[in-house]
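Step one of this worksheet: look at the structure below.
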Amino acid sequence: MNDTLTVPTSLKIVVAGGFGVGKTTMVNSVSEIPPLRTEEVLTEASVGVDDMQGIEGKETTTVALDFGRITINPQVVLYLFGTPGQNRFWFMWDELAHGALGAIVLVDTRRLDSSFPSIDFFERRDIPFVVAVNGFDGAWDHTVDEVRQALDIEPTVPVVKCDARTRESSKGVLVELVQYTMAQLEQRAPARQS
């Protein structure tokens with residue numbers, strides 16, 4: 001009998017994006033544990049502060065973070081940290097991104113401009129990221145190439161379509177991120193050795 005204890009490698013993943021793009025939904029859909037959510041009801045205090053265009057029915061918002069976990073295999077566990085989307089909570093992003101292996105930038109093509117701060121954040125910190133286009137109600141009005149061009153991101157950055165409400169779709173985005181991040185680390189390794 002083998003009594004050795006296998007301690008899995010823990011990898012931190014950040015799920016970011018603009019206000020109301022589906023970050024909490026994605027963490028909820030894929031987490032194998034009941035996710036930690038810090039959602040609060042939107043109040044009159046947010047009127048004139050938070051841009052509700054396109055998400056008028058939204059009633060709650062993340063005020064600190066979302067947290068979930070998914071075991072990839074006995075050796076690898078992903079810890080998911082969802083960021084708050086509103087500008088007034090962005091001061092928390094540095095802490096949430098510290099030590100992250102990579103990030104998912106979740107976008108809503110109805111409000112694509114809300115994606116730019118997230119992309120800029122990860123580009124400036126040299127944190128690998130993928131762009132996940134959240135197809136609300138299965139509607140993807142734009143091709144992956146159109147989204148890539150509109151966001152003006154590097155051609156190597158993966159852009160994938162997803163439905164943040166479904167576990168399989170969210171898992172697919174995580175797989176894409178892990179594969180991309182590992183490829184980025186392998187490319188950087190020779191440069192560090194020289």
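The values are calculated or read from the model by the stated rules, or taken from the named source; none is laboratory data. Please read all numbers here as calculations on a predicted model, not as lab measurements. Neighbour counts run over all protein chains shown; Cβ positions are idealised from the backbone, glycine included.
State all residues of segment 75-114 that are closer than 21 Å to SER29 by Cα and of a type outside the set (A, V, I, L, M, F, W, C); if no residue qualifies, say none.
TYR79, GLY82, THR83, PRO84, GLY85, GLY102, ASP108, THR109
If the Cβ limit is 9 Å and pairs must be 6+ apart or interchain, which residue in segment 171-194 that is of a type in the set (Phe, Trp, Tyr) pairs with which residue that is exposed (fewer than 13 other Cβ atoms within 10 Å of the Cβ) and modelled with pLDDT under 95?
Close Cβ pairs satisfying both conditions: TYR180/THR156.
If a residue has to be more than 17 Å from LYS161 (Cβ to Cβ), in contact (Cβ under 8 Å) with a residue 40 or more places away in the chain and assigned to a loop (DSSP other than H, G, I, E, B) to count, how many in segment 98-130 make the cut?
Number satisfying all stated conditions: 5.
In segment 100-124, what count of residues is obtained for those that are within 15 Å of the chain's Cα centre (by Cα) and either more than 28 Å from GLN149 (Cα to Cα) or not aliphatic (A, V, I, L, M) (or both)?
Number of matching residues: 11.
Give me the pairs, please: first residue somewhere in segment 18-37 and of a type in the set (Phe, Trp, Tyr), second residue anywhere and in a loop (DSSP other than H, G, I, E, B), beta-carbon distance under 9 Å, and either six or more positions apart or on two chains.
Short answer, once both residue conditions are applied: PHE19/ASP50; PHE19/ASP51; PHE19/MET52; PHE19/ILE55; PHE19/LYS58; PHE19/PRO84; PHE19/GLY85; PHE19/GLN86.
Of the residues in segment 16-35, how many are part of a loop (DSSP other than H, G, I, E, B) and of a type outside the set (Gly, Ala, Ser)?
6
Quick one: ARG37 ticks every box in (1) of a type in the set (Lys, Arg); (2) buried (at least 18 other Cβ atoms within 10 Å of the Cβ); (3) modelled with pLDDT of 80 or more except a single one, so which number is it?
Result: ARG37 passes all but (3).
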